[in-house]
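The values are calculated or read from the model by the stated rules, or taken from the named source; none is laboratory data. Quantities reported herein were computed from a predicted structural model and do not represent experimental measurements. We place every Cβ from the backbone using ideal geometry, glycine too, and count neighbours over all the protein chains shown. Ligands, DNA and RNA are excluded from the accessible area calculation, which covers all protein heavy atoms including side chains. Shrake-Rupley method; radii C 1.70, N 1.55, O 1.52, S 1.80 Å.
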Amino acid sequence: MDGAHETLGMVAEETLDPSDWADVQTLSHRIVDDAVAYLRDVRDRPVWQEMPGDVKAFFTAPLPRSPASLADVYGEVAEKVMPYPMGNIHPRFWSWYMGSSNLAGALGDFLAAIQGSNLGGGNHAAALVDGQVVNWCKEMLGFPASASGTLVSGGSMANIIGLTVARNTKAGINVREHGVAAIEKPLRFYGSDQIHSCHRKAMEALGLGNQALRRIPTDASLRIDIGALRAAIAEDRKAGFKPACVIGNAGTVNTGAIDSLQVLAKLAHEEDLWFHVDGCIGALIAIAPQNAHRVAGIKWADSIALDPHKWLHAPFEAGCALVRDALAHRNTFAVTPEYLESAPRGLASGQWLHDYGMQTTRGFRALKVWMALKEHGIEKFGRLIDQNIAQAGYLAELIVDEPLLELVVPPTINIVCFRCRPGDMTGATLKAFNTEIMLRLQEQGIAALSDTTVRGEHCLRVAITNHRTRREDLDLLVREVVRLVREMGKPGAASS
Ligand SMILES: *Cc1c(COP(=O)(O)O)cnc(C)c1O
């Protein structure tokens, strides 16, 4: 005993904790003050800006071996990181599809990290917060309380959770024991030709292969063609495949099209298919009073993927998978190794949350969602969704009224696809011209749009998932686009 004590006494033990708590408290206050000001003044900064060469070079420095003061480290973050964001918290960021974060959520992320709990499971308050957020997600979508769910990193992982349960439930064999090679009739999944790319990755990861996901043509509104779907299912049955799952889109990423979920639910029931809904964009429209009717039928899904880091504006990352049959969900993932057995009391007496997905250790991502939902209440989030959808309609009107612009797809929800069309430009020239407009808008810090191609037509795409966007921002966008079209000169001057 004494000997051990002596040996230990030779070297002072180290810790990562600060040696001066008062000092770090002062610094922490400064960081919070800076952070609040950063968010307050976001509208005054460019949406995005290119990083100067010295900033890029800064991040090639080698592994730090010796210490620096936290104040110095923060100084580097303030100078080299904070001025060069992706830009999605800015009121004029409308690229791809992401939320715009919020302060309560950011504080939630901070406190979650301070508490540091592991949400793999256990009997502690963070696990109850996690479970409550999942329950609230069910409630928002009208899913039964008996359903299960899990918070994951985002929509891609939420989809793969749902599709894994679908595969295992419909395989006809014990896939967990024997693997996909033992499945007698090859499984077939169905989704529209507008389906998100994460489903392809999911099919590949599930060992079914990309070709097991049949892309069904869409109608004039870019919704899955139900007749074509029925025909594909019949054809596959005849050819010896086993139709297993249909994936409905509650909001496609290209244009926001919402498949007819009620019809798909009925069809899935008749055909004995698993009905999965990719609701990463639109599932939460269920809480928006003026638009909820668009996703009627979502509650009949067998599984749903939704994305609180989109229309609930949770700081990244936060996705959620819901599964109607809780037992099927648990049976897909639960494993109890000897080192993770439950105990009758104490820390290991809670539910094991890692039984509902692939992760063992899980972060406390629930807190940021929980705090923002409590602060604002669900009705406000619903109104904000309605607001974004109304704003997309407003932008579409501005575009229709502007002779230099052309609406490519009328918006159903919050995504507007349009293009600039000076003169009679077509094809590759038109695409290059519009790409140049998009890049100048970004480089001049005015607005962030992205682009896509719908039915062979290249277009600029504005996805308004942003609680800071105002109509005046959309007025400004149209004004600036028109200015750029003129600045780039007459038709044919795209490369000027
Ligand atoms: C965003 C999105 C996904 C992927 O979600 P992540 O959170 O980015 O992983 C899947 N499907 C649709 C329709 C999406 O919009």
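Given the peptides 226-233, 415-422, arrange them by the average over their residues of other C-beta atoms within 10 Å, most packed first.
For the peptides 226-233, 415-422, the packing ranking is 415-422, 226-233.
What percentage of the solvent-accessible surface of the stretch 380-495, computed with a 1.4 Å probe over protein heavy atoms, is contributed by carbon and sulfur atoms?
In the stretch 380-495, the share of accessible area belonging to carbon and sulfur is 50 percent.
How big is the dipole moment of the chain about its Cα centre under a simple scheme where the beta carbon of each Lys and Arg is +1, that of each Asp and Glu is -1, and everything else is neutral? Debye, nearest 20, please.
The dipole of the chain has a size of about 1760 debye.
Residue farthest toward the positive end of the dipole of the chain, with Cβ of Lys/Arg at +1 and Asp/Glu at -1: which of VAL47, TYR339, VAL454?
Ranked along the dipole, the leading option is VAL454.
Work out the charge dipole of the chain with +1 on the Cβ of Lys and Arg and -1 on the Cβ of Asp and Glu about the Cα centre, then indicate which of ASN135, HIS467, ALA220 is farthest towards its positive end.
Projecting each Cα onto the dipole axis, the largest value belongs to ALA220.
Using the charge dipole of the chain (Lys, Arg: +1 at Cβ; Asp, Glu: -1 at Cβ; taken about the Cα centre), state which of ILE413, ALA68, GLY377 has its Cα farthest towards the positive end.
Checking the options against the dipole of the chain, the answer is ILE413.
Anything over 22 Å Cα to Cα? Flag those among LYS310/LYS380; LYS56/LYS431; LYS138/LYS185, in the order listed.
Flagged as over cut-off: LYS56/LYS431; LYS138/LYS185.
Distance between Cα centroids, the stretch 46-84 to the stretch 289-324: provide it in whole Å.
Measuring centre to centre over Cα atoms gives 36 Å.
How big is the Kirkwood radius of the chain, worked out from every pair of different alpha carbons and given in Å to one decimal?
25.1 Å
Between GLU235 and ALA390, how high is the FRET efficiency from 1/(1 + (r/R0)^6) when r is the Cβ-Cβ distance and R₀ = 56 Å? Nearest 0.05.
0.85
Contour minus end-to-end for LEU27 and ARG440, with contour as 0.36 nm per residue of separation and end-to-end as the Cα-Cα distance?
Between LEU27 and ARG440, full extension yields an extra 144.8 nm.
Of the peptides 165-178, 43-56, how do they stack up when ordered by the mean number of other Cβ atoms within 10 Å, highest first?
165-178, 43-56
Just to confirm, what accessible area per residue do you get for the stretch 107-377 at 1.4 Å probe, in whole Å²?
42 Å²
Which far-off residues, 5 or more places away or on another chain, put their amide H under 5 Å from the one on GLY445, with H placed in the peptide plane?
Amide H neighbours of GLY445: TRP48.
Starting from the Cα of VAL73, step 7 Å along the direction of its Cβ; do the same at ALA205; then give the gap between the two resulting points in nm.
Roughly 3.0 nm, to one decimal.
Report the gain in length on full extension from TYR38 to SER146: 0.36 nm times residue separation, minus Cα-Cα distance, nm rounded to one decimal.
34.6 nm
Which order, highest average first, do 296-305, 31-40 follow once you tally other Cβ atoms within 10 Å for each residue and take the mean per peptide?
296-305, 31-40
At ARG486 and TRP96, where each label point lies 7 Å from the Cα along Cα→Cβ, what is the point-to-point distance in nanometres?
3.4 nm
Run the numbers for GLN115 and ASP325: contour at 0.36 nm per residue of separation, minus the present Cα-Cα distance, in nm.
Stretched out fully, the GLN115 to ASP325 stretch lengthens by 72.4 nm.
In deg cm²/dmol and to the nearest 500, what is the mean residue ellipticity at 222 nm of the chain if only DSSP H runs of at least 4 residues count, each as -39500 (n - 2.57), divided by the residue total?
It lands at -12500 deg cm²/dmol.
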